[in-house]
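Q: One structure is given below, represented as structure tokens, and several questions about it will come after.
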Amino acid sequence: MSKAIRIHSNGGPEVMVWEDADPGRPGPGQVLIRHTAVGLNFIDVYYRTGLYPAPGGLPLIPGGEGAGVVEEAGEGVSGLKAGDRVAYAVGTGAYAERRVIPADRLVKVPDTISDEQAAAMMLKGMTAEYLLRRTYKVKAGDTILFHAAAGGVGLIAGQWAKHLGAVTIGTAGSADKVELARAHGYDHVINYREQDFVAEVNAITKGGKCEVVYDSVGKDTFEGSLDCLKPLGLLALFGQSSGPVPPFNLGVLSQKGSLYITRPTLFVYVAKREDLEASANALFDVVGKGIVDIRINQRYPLKDAAQAHADLEARRTTGTTILVP
């Protein structure tokens, strides 16, 4: 019997249970895959705690990205067959040894990318892709601020943004994380536990501030992020690891320079098949060429996902973590 991590009620890491989970046979337009690696992301924590309502409700198998091998294709599936290496980023269901998944949500993994790399980068890497190339199209000479620069998305975004010619500023919460971010494309890294990041950004830019701020932290950084933007600048709020942003008076955007705010999500940006393929191919291209280095800093057995969640929430992890079935 195949096994999976399942959540029957919202709560702390202890609510995740390793138990039997029969994936069933693939129906029309579906494939059965055997996971070889599964990604860990903060959105998994949001679903576990109930901060984000779980798609389909509880019980829930969490996990939004994975890589593996096709074992069986259902009726009407073309372009995929048993033995193909595939990867994906979807809402939930990845914390399992096997799963059935719609074929149109899968992309083939090229030979230049390992299964572990693919599982480690699909959600985070395609998030970096849409943020840097579509939410705000970063160009040479732009100055960007990226919070949580030593996190999974941050490490990919730093390298990619540097390749695009941006001046890259990141924030991180420890000396080790500052050095890690510097090694992944950031020109300047601010230790937010010891420094006022708004004052530091102002000093680095000589008062010019940033075209765009990418903020996955939320409540703790929101107001400061706005203060780091030049007039007509954009705040891309794509997460809330410190908690949701409280109700906000939009008139403040006028006072601070006709600023823009957006709250994007990956799954909207890759909802269309052609957008999914374009995003994945752009990611595979920069990784395959060595422009972006995907380093896996932590590995946990899939059955120990509760410990992985505990370490992630306690900020004991850096960069990318995978779970191995």
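Q: Can you tell me which residue is farthest from PRO62 (Cα to Cα) among those in the stretch 283-304 that are in contact with a helix residue (DSSP H, G or I) (Cβ under 8 Å, 6 or more places away or on another chain) and part of a helix (DSSP H, G or I)?
A: Restricting to residues being in contact with a helix residue (DSSP H, G or I) (Cβ under 8 Å, 6 or more places away or on another chain) and part of a helix (DSSP H, G or I), the top hit is VAL286.
Q: Also, I was wondering about something else. State which residue is surrounded by the fewest Cβ atoms within 10 Å (Cβ to Cβ) when the search covers only the stretch 259-280 and only residues that are touching a residue at least 40 places away in the same chain (Cβ under 8 Å) and part of a helix (DSSP H, G or I).
A: So, considering only residues that are touching a residue at least 40 places away in the same chain (Cβ under 8 Å) and part of a helix (DSSP H, G or I), the one surrounded by the fewest Cβ atoms within 10 Å (Cβ to Cβ) is ARG273.
Q: Quick one: which helices (runs of 4 or more DSSP H) sit completely within the stretch 120-239 and have at least 2 residues that are β-branched (Val, Ile, Thr) and surrounded by fewer than 23 Cβ atoms within 10 Å (Cβ to Cβ)?
A: 197-204
Q: Which one of these does GLY27 not meet: (1) of a type outside the set (Phe, Trp, Tyr); (2) surrounded by 17 or more Cβ atoms within 10 Å (Cβ to Cβ); (3) in contact (Cβ under 8 Å) with a residue 60 or more places away in the chain?
A: Of everything listed in (1) of a type outside the set (Phe, Trp, Tyr); (2) surrounded by 17 or more Cβ atoms within 10 Å (Cβ to Cβ); (3) in contact (Cβ under 8 Å) with a residue 60 or more places away in the chain, GLY27 misses just condition (2).
Q: Which pairs do you get when a residue that is in the same structural domain as PRO246 (by TED's automatic domain parsing) and among the polar types (S, T, N, Q), found in the stretch 197-221, comes within reach of a residue that is modelled with pLDDT under 95 and not in a loop (DSSP other than H, G, I, E, B), reach meaning Cβ atoms under 7 angstrom, with the pair 6+ apart or on two chains?
A: SER216/VAL153
Q: Taking only the stretch 46-66 into account, find how many residues are buried (at least 19 other Cβ atoms within 10 Å of the Cβ) and more than 16 Å from PRO23 (Cβ to Cβ).
A: 4
Q: For the stretch 75-83, state whether one or more residues are under 30 Å from PRO244 (Cα atoms) and assigned by TED's automatic domain parsing to the domain that holds LEU283.
A: Looking for residues that are under 30 Å from PRO244 (Cα atoms) and assigned by TED's automatic domain parsing to the domain that holds LEU283, one finds none in the stretch 75-83, hence no.
The values are calculated or read from the model by the stated rules, or taken from the named source; none is laboratory data. Here the structure is a predicted model, which is why all the values come from computation and not from measurement. Neighbour counts run over all protein chains shown; Cβ positions are idealised from the backbone, glycine included.
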